[in-house]
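Each value in this text was obtained by applying a stated rule to the coordinates, not by laboratory testing. None of these values were measured; they are calculated from a predicted model. No Cβ is skipped: glycine too gets one built from the backbone with ideal geometry, and neighbour counts run over all protein chains shown.
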């Protein structure tokens, strides 16, 4: 492993985040990407807790083993929010969607909250 010199640490740029790394990177649909990531993290936590192999998880979820691998590695491009939510229900979790008017008016936001 490469050693890092103190001078390199002092030169490293630190950028404040707005709380959404996808927005910080200027990616389109940043809120959707963050929501999908949060759901994938939860799916992975459940699979880890149950000590399921990718093959076992695939059989339980009705998807292929490569798709389980994609979720576990954060490669979510081929997954809709709806599909990821459906996978959570197959793992015995309820998914509630709450819709409310924004406090300040204007454009609303999408977020995932673990209860």
Under 10 Å, Cα contacts only: if you run a Gaussian network model on the chain, which one of 48, 24, 16 comes out with the highest mean-square fluctuation? 16
What label, among [x] 2, 12, 21, 23, 19, 12, 7, 2, 0; [y] 2, 9, 17, 18, 14, 12, 11, 8, 6, 3, 0; [z] 2, 12, 23, 25, 24, 12, 2, 0, belongs to P(r) over Cα pairs in 5 Å bins from 0, in percent computed from the structure on display? [y]
Taking a ≥ b ≥ c as the square roots of the eigenvalues of the Cα gyration tensor, with a/c under 1.5 meaning rounded and otherwise prolate when a/b exceeds b/c and oblate if not, region 56-115 is prolate
I need to check one value: relative contact order of region 45-115, counting alpha carbon pairs closer than 8 Å and at least 6 residues apart, in percent. 19
For the pair residue 102 and residue 44, what calculated FRET efficiency results from E = 1/(1 + (r/R0)^6), where r is the Cβ-Cβ distance and R0 = 35 Å, to the nearest 0.05? 0.70
Could you tell me the distance between the Cα centroids of region 30-53 and region 68-115, to the nearest Å? 10
